[in-house]
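Trainee: My questions all concern the structure below.
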Amino acid sequence: MGNVSFDPAAALASAKHEFGEHGGVNMSIEASTTFTVMAAATMPEIFAGRRTVDRDGCFLYARHFNPTVWTLGRELAALEDAEAGYCCASGMAAIAATLLQLCDAGDHVVASSAVYGGTHALLAEFLPAKAGVTATFVPIDDLAAVEAAIGPRTRVLFTETVANPTLVVADLPALAAIAHRHGVALVVDNTFCPVIVTPTRHGADVVVHSLTKFINGASDLVAGAILGKAELIGRLMDLHTGALMLLGPTMDPRAAFEVSMRLPHLPLRIAEHSRRAQILCERLAALDVPVVYPGLPTHPQHALLARLANPGYGAGGLFTIDLGDRARAYRFMEVLQNEHRFGFMAVSLGYAETLMSCSASSTSSELDDAALAAAGIGAGLVRISIGYTGALEDRWAQLHAALVTVGMLGAP
Ligand code: PLP
């Protein structure tokens with residue numbers, strides 16, 4: 001599986017550009033929820049799937065196909081080198097719909113032990129109780145454990161490319177080989193590293209995204225996407241049986257327009273997030289601060305990420321610092337926000353400003369103590385999504401000063 005020739009920026013640029021219907025340079029927002037047919041007999045043809053958007057330009061009802069949402073799906077499919085895509089109201093909607101489409105009651109998922117807390121709760125609690133779909137969590141860097149966890153009813157191997165919040169990098173080609181040997185679909189959440197890694201190039205069958213994060217990049221709307229084979233997207237959207245149709249997690253066309261407007265500068269933003277994270281982390285590591293960042297040679301999967309990554313976009317905008325205990329982690333974030341205006345104490349990531357949260361007591365709080373320990377999420381772990389505002393040297397001075405204040409570094 002090669003990576004050599006894929007450039008996500010070029011792929012995005014070559015995605016079919018939609019012109020506004022009045023000749024505007026931007027696509028129009030199609031605000032209709034329902035669409036006309038010229039002959040009554042066309043309607044049952046659409047319901048039966050014999051007339052489609054791609055082939056016949058047939059739209060029906062916006063929970064199914066809205067032209068603006070469909071366009072964004074095509075752009076994101078180009079970004080992820082996937083055949084097709086569709087957009088959802090949130091990242092969780094994308095993940096839940098995908099899992100429910102691929103699994104029936106009695107089926108089983110093998111999942112990384114380090115995934116976003118909401119995904120963990122969905123797999124550990126919600127799906128077993130509500131749908132009879134069970135999950136086994138394994139360290140995703142232990143390939144023998146991954147393979148051993150696969151059973152006769154396993155349908156999905158689920159991982160994040162770079163894990164929230166541990167930043168463990170998944171060996172996608174190896175995981176794809178294991179999954180495909182057992183007839184299992186590899187589903188990859190690529191929220192942490194759009195543009196940087198293209199999971200379909202490494203064997204992923206389905207890519208899911210929380211667009212709420214880097215892809216939209218403005219922390220002003222919630223959105224998600226599913227990218228994969230046209231056959232799967234077609235099944236998800238089947239009018240009579242599809243998870244997207246029946247659960248209804250559709251994206252609003254106004255949100256689709258907003259996200260689409262921000263795609264052209266996504267590669268630039270990602271490169272700058274990564275550039276800043278790399279410089280700050282190298283300086284932290286040089287001072288022996290316990291920093292984890294896949295761009296550092298000391299990261300266990302540094303070489304793996306370098307192998308998987310599309311060149312030119314760095315190792316991403318997220319790093320963690322282990323402050324040892326919760327009290328010190330809280331103090332550190334308060335000093336950074338309230339004294340230095342370094343960033344915000346807030347969940348989420350991929351924003352222009354820096355966002356900081358203590359994972360064990362926030363976005364991973366769905367995990368119990370055993371699951372936190374298995375995932376390697378300590379009580380004092382602070383996840384930092386580095387922004388690109390302000391002068392980098394000022395940011396470094398603020399970060400350094402806060403580490404001095406909480407006793408992680410001696411005074412200069
Ligand atoms: N996947 C990852 C890796 C996340 O970090 C999150 C949210 O934090 C989600 C999925 C869920 O996304 P959303 O909040 O858009 O539903």
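Trainee: Go through (1) under 16 Å from the mean Cα position of the chain (by Cα); (2) at negative phi and name the single condition residue 81 misses.
Mentor: (2)
Trainee: If you don't mind, another one. Residue 68 versus (1) crowded, with 16+ Cβ neighbours inside 10 Å; (2) assigned to a loop (DSSP other than H, G, I, E, B): which is the lone unmet condition?
Mentor: (2)
Trainee: Do we find that residue 40 is assigned to a helix (DSSP H, G or I) and out of contact with any Leu (no Cβ under 7 Å at 6 or more places or on another chain) in this structure?
Mentor: So residue 40 does not fit the description; no.
Trainee: While we're here: Which of the residues that make up the range 354-374 are open to solvent by less than 50 Å² (accessible area, probe 1.4 Å) and more than 13 Å from the ligand (Cβ to nearest atom)? Step through it out loud before you land on a result.
Mentor: Here is the first cut: in the range 354-374, the ones open to solvent by less than 50 Å² (accessible area, probe 1.4 Å) are 354-364, 367, 371-372.
Matches in the range 354-374: 354, 356, 358, 360, 361, 367, 371, 372.
Trainee: Can you find, within the range 178-222, the residue that is nearest to the ligand (Cβ to nearest atom) among those that are among the acidic types (Asp, Glu) and in contact with a strand residue (DSSP E or B) (Cβ under 8 Å, 6 or more places away or on another chain)?
Mentor: 189
Trainee: When only residues in the range 30-65 that are under 30 Å from residue 265 (Cβ atoms) and open to solvent by less than 30 Å² (accessible area, probe 1.4 Å) count, which is modelled with the highest pLDDT?
Mentor: 62
Trainee: Hey, another quick one. If residue 119 meets every condition in (1) touching a helix residue (DSSP H, G or I) at 6+ places or on another chain (Cβ under 8 Å); (2) farther than 30 Å from residue 374 by Cβ; (3) at pLDDT 90 or above; (4) hydroxyl-bearing (Ser, Thr, Tyr) apart from one, which number is that one?
Mentor: (2)
Trainee: Still on this structure, please answer the following. If a residue must be touching a helix residue (DSSP H, G or I) at 6+ places or on another chain (Cβ under 7 Å) and either free of Cβ contacts under 8 Å to residues at least 60 places away in the same chain or more than 22 Å from residue 194 (Cβ to Cβ) (or both), how many such residues does the range 331-366 contain? Spell out the reasoning first.
Mentor: Narrowing the range 331-366 to residues touching a helix residue (DSSP H, G or I) at 6+ places or on another chain (Cβ under 7 Å): 332, 335-336, 340, 342-345, 356, 358, 360-361, 363-366.
Next, from what is left, pick out any that are either free of Cβ contacts under 8 Å to residues at least 60 places away in the same chain or more than 22 Å from residue 194 (Cβ to Cβ) (or both): 332, 335-336, 340, 342-345, 356, 358, 360-361, 365-366.
So the count comes out to 14.
The values are calculated or read from the model by the stated rules, or taken from the named source; none is laboratory data. Note that the coordinates shown come from a computational prediction; the quantities given were computed from them, not determined experimentally. In this analysis, Cβ positions are derived from the backbone assuming ideal geometry, glycine residues included, and neighbour counts consider all displayed protein chains. Each accessible area value is taken on the protein alone, full model and side chains, heavy atoms only, with ligands, DNA and RNA left out. Shrake-Rupley method; radii C 1.70, N 1.55, O 1.52, S 1.80 Å.
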